[in-house]
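> The structure is given below, and queries will be raised subsequently.
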Amino acid sequence: EDQVTQSPEALRLQEGESSSLNCSYTVSGLRGLFWYRQDPGKGPEFLFTLYSAGEEKEKERLKATLTKKESFLHITAPKPEDSATYLCAVRPTDSWGKLQFGAGTQVVVTP
Amino acid sequence: DAGITQSPRYKITETGRQVTLMCHQTWSHSYMFWYRQDLGHGLRLIYYSAAADITDKGEVPDGYVVSRSKTENFPLTLESATRSQTSVYFCASSEGGVRSNQPQHFGDGTRLSIL
């Protein structure tokens, strides 16, 4: 059975304090791994797609990396506006377009 | 503005009533999806559709019905609402093709409370 586990569940950071979020997955074959950001009262907003081990993607203070078993979302020198819940999702090769989501990591960045 | 819109944003109803949540997208995406989001469970897929008149069950379909007569609309109906269906419901869409690896794009959700 496909599984996606995110850790930690919650993360509290001081402004400027870099950290990493983890997404570990178990799938028979991976077509893609997706990172989303979700603000309170809003739908998930697409950030990155990673396709193969070793791949990296960057956007402002966020950098996503992928290995064969897990993905990391690195937040460098975060600002309060980076506060959100970050969701990871995998698309297995036999998924017909569907995504399997993790439960998310809630990040709070304080000034 | 182009995108994906859900209505209503908030809904309160009683057990046993029928309620329909609407989803409309302006991108002409082939794929559309319905999820529910609950604390401790994350996003769980209810139903999905690859094109007009093609729908299939996701992980938690019991108690829900969908239809897709037009590409841009994908309504979700709770035929006889139960308290366990109190949740936040999200609609999403993505570009089509079985081998496509495009991301899903989400609406801002409907918060449904069943008393």
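> Tell me which of these A:SER52 doesn't satisfy, since it passes every other one: (1) surrounded by fewer than 21 Cβ atoms within 10 Å (Cβ to Cβ); (2) within 12 Å of another protein chain (Cβ to nearest Cβ); (3) under 28 Å from B:ILE46 (Cβ atoms).
Going through the list (1) surrounded by fewer than 21 Cβ atoms within 10 Å (Cβ to Cβ); (2) within 12 Å of another protein chain (Cβ to nearest Cβ); (3) under 28 Å from B:ILE46 (Cβ atoms), A:SER52 breaks only (3).
> Looking at the structure I just gave you, is B:VAL65 outside any strand (DSSP E or B), surrounded by 14 or more Cβ atoms within 10 Å (Cβ to Cβ) and among the aliphatic types (A, V, I, L, M)? Spell out the reasoning first.
On the way: outside any strand (DSSP E or B): no; surrounded by 14 or more Cβ atoms within 10 Å (Cβ to Cβ): yes; among the aliphatic types (A, V, I, L, M): yes.
For B:VAL65, the condition - outside any strand (DSSP E or B), surrounded by 14 or more Cβ atoms within 10 Å (Cβ to Cβ) and among the aliphatic types (A, V, I, L, M) - is not met.
> Going by what's in this entry, would B:GLY3 be described as out of contact with any Asp or Glu (no Cβ under 9 Å at 6 or more places or on another chain), within 19 Å of A:GLY43 (Cβ to Cβ) and surrounded by fewer than 17 Cβ atoms within 10 Å (Cβ to Cβ)?
Numbers: out of contact with any Asp or Glu (no Cβ under 9 Å at 6 or more places or on another chain): yes; within 19 Å of A:GLY43 (Cβ to Cβ): yes; surrounded by fewer than 17 Cβ atoms within 10 Å (Cβ to Cβ): yes.
Considered against the rule, which asks whether it is out of contact with any Asp or Glu (no Cβ under 9 Å at 6 or more places or on another chain), within 19 Å of A:GLY43 (Cβ to Cβ) and surrounded by fewer than 17 Cβ atoms within 10 Å (Cβ to Cβ), B:GLY3 comes out as yes.
> Mind checking which residues of segment A:1-46 are within 9 Å of another protein chain (Cβ to nearest Cβ) and part of a loop (DSSP other than H, G, I, E, B)?
Of segment A:1-46, the ones within 9 Å of another protein chain (Cβ to nearest Cβ) are A:4, A:6, A:31-32, A:34, A:36, A:38, A:41-46.
Within segment A:1-46, A:GLY41, A:LYS42, A:GLY43, A:PRO44 meet the criteria.
> Here's a follow-up. Would it be correct to say that B:SER28 is at pLDDT below 90 and more than 10 Å from chain A (Cβ to nearest Cβ)?
yes
> Still on this structure: Of the numbered conditions (1) surrounded by 14 or more Cβ atoms within 10 Å (Cβ to Cβ); (2) assigned to a loop (DSSP other than H, G, I, E, B); (3) away from chain A (no Cβ under 12 Å), B:LEU112 satisfies every one except a single condition; which is it?
(2)
> Which of the residues belonging to segment B:11-27 are assigned to a strand (DSSP E or B) and either more than 18 Å from B:ILE114 (Cβ to Cβ) or touching a helix residue (DSSP H, G or I) at 6+ places or on another chain (Cβ under 6 Å) (or both)?
At the first step, the residues of segment B:11-27 found to be assigned to a strand (DSSP E or B) are B:11-13, B:19-25.
Within segment B:11-27, B:CYS23, B:HIS24, B:GLN25 qualify.
The values are calculated or read from the model by the stated rules, or taken from the named source; none is laboratory data. Keep in mind the model is a prediction, meaning the values are calculated, not measured. Cβ coordinates were reconstructed from backbone atoms using ideal geometry, including for glycine residues, and neighbour counts include every protein chain displayed.
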